[in-house]
Amino acid sequence: MSKSTTSLCLPFVPPPYPDEILGSWLSRVSISMGGGAWRTLLEAVGFDRRLQAPYFNMVDYDYRLNKLFCVLGTTYEDNLLKLTTLPYWLTFAASSSLNPLPGTSKIPVPFGSRSNVTLSSIRSLGVQRNLGQRADARYCPECLLWDYQNVGQPYWHRAHQLPNIFFCHKHLCELQTSCPYCGFTCFPSAKSMVTMPAIICQCGKRLNVSRGSRVLSLAELKLINVSIRALHHELPEWDYRHVHAHFKSLLAGDDSFLGSYKDVLSNTFSLSGGTKVILSSGRLGRAAACLSFRPNLNAASAPECCGLLVALNVDFDSATKEFRKCALEGKILVPQAKTGGHINTTTVEASRLALLQLQEQHPLRPPSFYQKHYWLLKLKDSDWLYKHFPKTLKTLVPSLLSDRNNILARHAARQTESQKLLQVNGSAAEIRARIRDFAWFEEQRVSIQVTVSKNIDIAKKAVSHSRLTALEKALNQVLEKEQRPSRIFTATLASIAGLSHSQALDTLYANATLRRRIAEANRDKKRRQLLWAAQQLSADGIELNKKQIGKRAGLPSVDISDGILKEIYSLYFNE
């Protein structure tokens, strides 16, 4: 840590309240320290004069943020575990990666349910709605009054921000996101520090008055309880594969089939008389107050797992014990491969039965319409196929070389890098290759993926370089302008460079040299202002003296050191 941060004498730093979320605590810290001390602290650790990001729930690692936490007497890792909803997600969706979350020593990276890979950013699991979690922060009217009476002020609770939870776990009253009278949203969406909740809205109405709540079903009460248990659970000894494997065994059952993944969730919560249930991988509207689950088990994350525990009537302690057991036994659920796996695992007997059933349902369709089953039987059991469908005898099977050339041509025709990674499931040549030429097909697929990955990396580096060049030009333009020099902000450089604020921040985070140049220019702001003032006075033909220079620069003359004054005189009087 730099000397500038260790030498700071901080005012009172309030400790977090029970169940307080990160953004709420940081907002209270800034209020307790006062605007001047808070701005000084932010500048000392490398930020601008204010935090220009929505630090509310989970935040990605930033060296400046880590410095800030260290000065405040805590760490990035501790805050993730105690002041965010990350433990809730990790209980069911820790990835299998051996590398910990950046900036931590032991926290696993969350599992990305959309792409079956680890998440590149944990902020997407935060306040922005993800699977039932809306964009606005939620508060309990009863908790507002309880907090005020017991700790002196209301604050934001992390338990109120859990997905699929729309009622307070303590008071069982409906959580709110805005004033029920005027509709004023209590939590602004701007990229700034969170505003603390209040007892009285700006319209003059009290927010701590509950409007009443319906009677919750047993399933909804269990869902709230399981979610809170997951939020307060310690770091898991298992990952998402062991969780999925256990739920797969529960859904299959030992003696009887308990029902499909969708049916179990839909039936349990739809019949409870409560909120609407949606099984979808898409995003819902901002005002949607409904239970939302992903449509398949392989993509299940924490909200789906909590729902499954309730639907299958499994208590939380028993479930975690089974997860741990699956981890010790190495029992995992391997997702079905997207390329070729379903072809190789489909047996000839299964294809026979499937083709007969499909033909019975759709007698006007030719067998070749169902390409997977048709080509498997054509290549592996042609006698059976000709016996039941004599017309298929006329269809010739292309040669191996012909299929290979066809596949390579299709790959070459794909324009974008993302298109080249896709497998065309409707291509008969690729279906045949996965059946009779699987080794070659996999070799080509892997080779294409490697090439595409390299091209994407090259493109990313080119974009990063162009952004860096644009920011450097913007910085030079700001330093060379004729107006009175001022503090250089990232947003200012981004606007001049034609970049978004987040793009500029990412570029600066990756380039320490440019960060140092900006920091040095800001430290040298007073000197630049005085040199600018001297230049303006000289151009106007006004005598250069300490008083006139300070007046034109907008600084008191006492702030002009003899060294700066000597430098100015040496430039204009050659002394």
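Filtering Arg517, Arg484, Arg467 for residues that are more than 26 Å from Ser570 (Cα to Cα), open to solvent by 50 Å² or more (accessible area, probe 1.4 Å) and not acidic (Asp, Glu) leaves a single hit, Arg467.
The residue that is most open to solvent (accessible area, probe 1.4 Å), among those in region 307-352 that are under 24 Å from Ser95 (Cβ atoms), among the aliphatic types (A, V, I, L, M) and modelled with pLDDT under 55, is Val334. Residues that are open to solvent by less than 30 Å² (accessible area, probe 1.4 Å), assigned to a helix (DSSP H, G or I) and either free of Cβ contacts under 8 Å to residues at least 40 places away in the same chain or more than 16 Å from Glu430 (Cα to Cα) (or both) within region 376-408 comprise Leu377, Lys378, Leu385, Thr392, Asp403, Ile407, listed in sequence order. Take Ala504 and tell me if it is modelled with pLDDT of 80 or more, over 26 Å from Thr469 (Cα atoms) and open to solvent by less than 40 Å² (accessible area, probe 1.4 Å). No, not satisfied.
Hey, among the residues in region 21-51 that are of a type in the set (A, V, I, L, M) and in a loop (DSSP other than H, G, I, E, B), which one's nearest to Asp136 (Cα to Cα)? Only one residue tops the list, namely Ile21. Check region 367-375 and report whether any residue there is surrounded by fewer than 14 Cβ atoms within 10 Å (Cβ to Cβ), modelled with pLDDT of 85 or more, farther than 30 Å from Ala459 by Cβ and not acidic (Asp, Glu). So far as region 367-375 goes, yes, one or more of its residues are surrounded by fewer than 14 Cβ atoms within 10 Å (Cβ to Cβ), modelled with pLDDT of 85 or more, farther than 30 Å from Ala459 by Cβ and not acidic (Asp, Glu). Checked across region 455-469, the condition of being free of Cβ contacts under 8 Å to residues at least 12 places away in the same chain and hydroxyl-bearing (Ser, Thr, Tyr) holds for at least one residue.
Please tell me if Ala510 is farther than 30 Å from Lys547 by Cα and open to solvent by 30 Å² or more (accessible area, probe 1.4 Å). For Ala510, the condition - farther than 30 Å from Lys547 by Cα and open to solvent by 30 Å² or more (accessible area, probe 1.4 Å) - is met. The residues in region 1-33 that are surrounded by 19 or more Cβ atoms within 10 Å (Cβ to Cβ) and modelled with pLDDT under 70 can be counted, and the count is 0.
Suppose we filter Leu555, Leu544, Leu493, Leu571 for residues that are modelled with pLDDT of 85 or more and of a type outside the set (Ser, Thr, Tyr); which single one remains?
That would be Leu493, the only listed residue that is modelled with pLDDT of 85 or more and of a type outside the set (Ser, Thr, Tyr).
The criterion of being of a type outside the set (Asp, Glu), closer than 22 Å to Ala44 by Cβ and open to solvent by less than 30 Å² (accessible area, probe 1.4 Å) does not hold for Ala553. Scanning region 441-464 for residues that are open to solvent by 50 Å² or more (accessible area, probe 1.4 Å) and either among the acidic types (Asp, Glu) or at positive phi (or both) turns up Glu443, Asp457.
Quick grid of which residues meet (1) over 22 Å from Glu567 (Cα atoms); (2) touching a residue at least 12 places away in the same chain (Cβ under 8 Å):
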residue: Glu480; (1), (2): no, no
residue: Phe489; (1), (2): yes, yes
residue: Thr492; (1), (2): yes, yes
residue: Ser502; (1), (2): yes, no
residue: Thr507; (1), (2): yes, yes
residue: Gln529; (1), (2): no, yes
residue: Gln535; (1), (2): no, no
residue: Ile542; (1), (2): no, no
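Take the conditions at pLDDT below 80, more than 13 Å from the chain's Cα centre (by Cα) and closer than 30 Å to Pro180 by Cα and apply them to Arg134. Does it pass? For Arg134, the condition - at pLDDT below 80, more than 13 Å from the chain's Cα centre (by Cα) and closer than 30 Å to Pro180 by Cα - is met.
The values are calculated or read from the model by the stated rules, or taken from the named source; none is laboratory data. None of the values given here were measured: they were computed from a predicted structure. Ideal geometry is used to build each Cβ from the backbone, glycine not excepted, and the neighbour counts take in all protein chains shown. In case anyone asks, the SASA skips ligands and DNA or RNA and just uses the protein heavy atoms, side chains included. Shrake-Rupley method; radii C 1.70, N 1.55, O 1.52, S 1.80 Å.
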